[in-house]
1. Mind checking which residues of the range 109-134 are in a helix (DSSP H, G or I) and within 14 Å of the ligand (Cβ to nearest atom)?
2. Please work out which residue is farthest from the ligand (Cβ to nearest atom), limiting yourself to the range 56-108 and to residues that are closer than 21 Å to F246 by Cβ, in a loop (DSSP other than H, G, I, E, B) and among the polar types (S, T, N, Q).
3. In the range 232-304, which strands (runs of 3 or more DSSP E) lie fully inside it and hold 1 or more residues that are buried (at least 18 other Cβ atoms within 10 Å of the Cβ) and more than 14 Å from the chain's Cα centre (by Cα)?
4. Check G238 against each of (1) modelled with pLDDT of 95 or more; (2) more than 14 Å from the ligand (Cβ to nearest atom) and name the one condition it does not meet.
5. Please name all residue pairs, on different chains or six or more residues apart, with Cβ atoms under 9 Å, provided the first residue is in the range 76-98 and is touching a residue at least 24 places away in the same chain (Cβ under 8 Å) and the second residue is within 16 Å of the ligand (Cβ to nearest atom) and acidic (D, E).
6. Are there any pairs, at least 6 apart or on different chains, whose C-beta atoms fall under 6 Å, with the first in the range 238-266 and under 14 Å from P94 (Cα atoms) and the second in a loop (DSSP other than H, G, I, E, B) and more than 11 Å from the ligand (Cβ to nearest atom), and if so, which?
7. Quick check, is F95 closer than 16 Å to A168 by Cβ and touching a Phe, Trp or Tyr at 6+ places or on another chain (Cβ under 6 Å)?
8. Anything in the range 1-29 that is touching a Gly at 6+ places or on another chain (Cβ under 6 Å) and without any contact (Cβ under 8 Å) to a residue 24 or more places away in the chain? List them, or say none.
Amino acid sequence: MIDYQNIINSITTSLKRVDDRGIVASYIPELASVDVNKFGIHIVDADLNRFSSGDANELFSIQSISKVLSLSKCISIIDNDLWKRVGVEPSGDPFNHLSLLEFENGIPRNPFINAGAIVVADILVSHLKNPKEDFLAFIHELTNDTSITYNEKIAQSEKDTGFRNIAAANLLKSYGNLLNDVDTVLDFYFHQCSIEMNCEQLSDAFFIFMNHGNCQNGKTFLNINQVKRVNALMLTCGFYDEAGEFAFEVGLPGKSGVGGGIAAVLPNEFTVVTWSPGLNAKGNSELGMKALEQLTTQTSQSIF
Ligand code: DON
């Protein structure tokens, strides 16, 4: 039996001493003030045992991690029709690059680069009656926690400065791959990214990806083939141009966000979330990657 609590306590202690903690994202001004010294980790296993260490109960901005949840909601509605509008290949480019999008005629490489997530947002805006309320209700169902909500200040901060996303949405529109109004879609996208959760809540939200599409109360949100696809995309595209490195070091499907969170799953075993706001040069949490490498190496567990 693996002593997860002991292992994550020692990971937290060793990472507290690290000086090079990366740099907190500042291109969304409202994120810039987060304390770089924060570090939290939470694991929930298949038997619902929970293990927490560090700042695991502090809220942070989930940012791109929300793309896994919007993708899941989207394929629960239109299933494989999504792949007519978004690809499934890693881009090898940073999350906000636009050159490939033009080169590939407005079909984003995958749903986790910003352009792909904006197409997913467009589909949700088309299909949900009250998109922002309905998406939040989906997260409340996954987590069984109705306290989770948008951070309006962060959404506004990104709206004021999100020129590249505005460019992406317009480029998509010019290729006919955005059906709704640019402002409406971006309002939804900036809001989904602004959702705040702590490590524990996010572990609960990701429970379906390690549990065949069923959440903790047994309700089914995705079928097994859909979960296969979401996990495959996390493994190959979840860390943008560092997806290979994450698979190599950690060996789990996962997704990062510029708020410093990383959510990852070992199917049938556990969901783990780390939060450390300093980012490395590729925009992924510096210490989160280290913590997860230590976790899978010390426990000799990975999908491989
Ligand atoms: O669209 C953006 O740039 C942000 N709202 C999300 C980017 C992000 O989290 C990239 N992930 N590491």
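The values are calculated or read from the model by the stated rules, or taken from the named source; none is laboratory data. Bear in mind the structure is a predicted one, so any value in this text is a computation, not a measurement. As a convention, Cβ positions derive from the backbone with ideal geometry for all residues, glycine included, and neighbour counts pool all protein chains shown.
1. Filtering the range 109-134 for residues in a helix (DSSP H, G or I) gives 114-127, 131-134.
Listed by number, the residues that qualify are N114, A115, G116, A117, I118, V119, V120, A121.
2. Out of the qualifying residues, it is S91.
3. Details: elements: 254-256, 261-266, 270-275.
Fully inside the range 232-304 and qualifying: 261-266, 270-275.
4. Result: G238 passes all but (2).
5. Between residues of the range 76-98 that are touching a residue at least 24 places away in the same chain (Cβ under 8 Å) and residues that are within 16 Å of the ligand (Cβ to nearest atom) and acidic (D, E), the close pairs are R85/D122; P90/D241; S91/D241; G92/D241; D93/D241; P94/D241; F95/D241.
6. Final answer for the pair search is D241/G92; D241/D93; A243/P90.
7. Values: closer than 16 Å to A168 by Cβ: yes; touching a Phe, Trp or Tyr at 6+ places or on another chain (Cβ under 6 Å): yes.
Yes, satisfied.
8. none
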